[in-house]
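Peer 1: Structure incoming, see below.
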Amino acid sequence: MEKDYREKLFEKYFSLHYSRVLPPTKEGWEWVIERIDINFGDVISKLPKDAAILDLGCGVGYLTYYLLKKGFTNIHALDVSQEQIDVAKESLKKYGVDYEGSVQFSVTDAFGFLAASPKYDLIVMLDILDHFDKERSFELMKLASDSLSPSGAFLSRTTNMDNPLFGQYHYADFTHESGFSPASITQCLNAVGFSRVEVYYEKIPYSYKEKRSLYKRLKKKYSRLKLKILANFMGINPEVFTENITVIARS
């Protein structure tokens with residue numbers, strides 16, 4: 001049977017899409033890691049180093065790299081694309097991080113895996129939920145809830161549909177099927193069993209280029225000022241102009 005468009009796109013997801021945005025330098029890679037840390041670091045830092053962690057949709061390995069650098073030793077990194085897993089392993093080696101014995105990589109479907117998985121102390125889905133239609137993304141959140149230990153936490157990042165300019169992010173990837181606002185993702189997570197849900201507009205650190213250049217920092221501040229003026233004109237929160245929302249959910 002011929003593969004459908006999603007199977008074809010996910011099979012070569014890195015070469016067809018993500019290779020265009022992969023940071024080419026370690027400085028760029030570290031910026032992506034800092035982006036994870038400022039949004040989720042407070043939660044992750046409270047876990048014991050042997051906590052069972054599932055990096056679902058691990059992609060090119062950003063979160064896995066971050067967890068290893070923080071000393072975590074019981075990580076399961078899952079992705080549907082062998083190509084993505086291969087890039088993740090190559091990147092960890094490239095940047096001098098030993099994953100042997102601490103990370104189990106799996107190329108498999110998330111739904112079947114979670115339905116049969118053990119309990120995890122932390123489940124993380126970065127840029128995953130928007131790749132499914134409403135029914136499947138809701139099912140995935142329910143499976144995550146069922147797969148957490150009683151004191152476990154679920155972390156997620158997904159396209160911010162509150163942003164009036166969301167189209168430039170959402171439609172940049174043809175595999176995107178749905179999107180969430182803070183209100184709608186809270187609604188879904190409450191429905192599948194999460195009683196404590198925190199949703200934020202993602203914080204974005206200065207890039208390494210901006211840190212080096214006063215001109216680039218001033219240019220970014222000017223861009224933010226223009227968006228603030230636009231937000232005031234529209235009567236909305238200026239913080240809404242961010243690519244993603246971040247989620248911290250517990251039972």
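Peer 1: Run Lys134 past the list (1) out of contact with any Ser or Thr (no Cβ under 9 Å at 6 or more places or on another chain); (2) over 12 Å from Asn244 (Cα atoms); (3) not acidic (Asp, Glu) and report the number of the one that doesn't hold.
Peer 2: Lys134 satisfies all of (1) out of contact with any Ser or Thr (no Cβ under 9 Å at 6 or more places or on another chain); (2) over 12 Å from Asn244 (Cα atoms); (3) not acidic (Asp, Glu) except (1).
Peer 1: Any idea which of (1) closer than 17 Å to Ala249 by Cβ; (2) open to solvent by 10 Å² or more (accessible area, probe 1.4 Å); (3) among the aromatic types (Phe, Trp, Tyr); (4) in contact with a strand residue (DSSP E or B) (Cβ under 7 Å, 6 or more places away or on another chain) is the one Phe138 doesn't satisfy?
Peer 2: It fails just one condition, (4).
Peer 1: For segment 161-191, name all the residues that are within 16 Å of Leu140 (Cβ to Cβ), among the polar types (S, T, N, Q) and in contact with a Ser or Thr (Cβ under 9 Å, 6 or more places away or on another chain).
Peer 2: Ser178, the sole residue that qualifies.
Peer 1: Return the residue satisfying two criteria in turn: it lies in segment 151-195 and is within 16 Å of the chain's Cα centre (by Cα) and of a type in the set (Phe, Trp, Tyr), and of such residues it is surrounded by the fewest Cβ atoms within 10 Å (Cβ to Cβ).
Peer 2: Once the filter is applied, the top-ranked residue is Tyr169.
Peer 1: Being farther than 25 Å from Asp130 by Cα and open to solvent by less than 50 Å² (accessible area, probe 1.4 Å) is true for just one of Val87, Val103. Which residue is that? Give the derivation first.
Peer 2: On the way: Val87 fails: farther than 25 Å from Asp130 by Cα.
The match here is Val103.
Peer 1: Among the residues of segment 115-140, count how many are hydrophobic (A, V, I, L, M, F, W, C), at pLDDT 95 or above and not in a strand (DSSP E or B). Break it down into steps so the answer makes sense when it comes.
Peer 2: Here is the first cut: in segment 115-140, the ones hydrophobic (A, V, I, L, M, F, W, C) are 115-116, 122-126, 128-129, 132, 138, 140.
With at pLDDT 95 or above added as a condition, the list becomes 122-126, 128-129, 132, 138, 140.
Applying the additional criterion that residues be not in a strand (DSSP E or B) yields 128-129, 132, 138, 140.
So the count comes out to 5.
Peer 1: Looking at segment 189-219, which of its residues are under 18 Å from Asn160 (Cβ atoms) and basic (Lys, Arg)?
Peer 2: Going through segment 189-219, the residues under 18 Å from Asn160 (Cβ atoms) turn out to be 189, 197-205.
The one that is under 18 Å from Asn160 (Cβ atoms) and basic (Lys, Arg): Lys203.
Peer 1: Then there is this: Given (1) open to solvent by 20 Å² or more (accessible area, probe 1.4 Å); (2) in contact (Cβ under 8 Å) with a residue 24 or more places away in the chain; (3) over 17 Å from the mean Cα position of the chain (by Cα), identify the lone condition not met by Tyr13.
Peer 2: (3)
Peer 1: Exactly one of (1) free of Cβ contacts under 8 Å to residues at least 60 places away in the same chain; (2) of a type outside the set (S, T, N, Q); (3) closer than 19 Å to Ala110 by Cβ; (4) surrounded by 14 or more Cβ atoms within 10 Å (Cβ to Cβ) is unmet by Asp37. Its number?
Peer 2: Of the numbered conditions (1) free of Cβ contacts under 8 Å to residues at least 60 places away in the same chain; (2) of a type outside the set (S, T, N, Q); (3) closer than 19 Å to Ala110 by Cβ; (4) surrounded by 14 or more Cβ atoms within 10 Å (Cβ to Cβ), the odd one out for Asp37 is (3).
Peer 1: So Tyr5 fits all but one of (1) within 20 Å of Asn244 (Cβ to Cβ); (2) at pLDDT below 95; what number is the exception?
Peer 2: Condition not satisfied by Tyr5: (1).
Peer 1: On to the next question. Considering only segment 196-215, state which residues are within 26 Å of the chain's Cα centre (by Cα) and either farther than 23 Å from Gly41 by Cβ or assigned to a helix (DSSP H, G or I) (or both). It would help to see each step written out before you state the result.
Peer 2: Narrowing segment 196-215 to residues within 26 Å of the chain's Cα centre (by Cα): 196-211.
The answer is Tyr208, Lys209, Glu210, Lys211.
The values are calculated or read from the model by the stated rules, or taken from the named source; none is laboratory data. Nothing here was measured: the structure is a model prediction, and the numbers come from that model. Here the Cβ is made from the backbone with ideal geometry for all residues, glycine too, and neighbour counts use every protein chain on show. These accessible areas exclude ligands, DNA and RNA; they are computed on the full protein's heavy atoms, side chains included. Shrake-Rupley method; radii C 1.70, N 1.55, O 1.52, S 1.80 Å.
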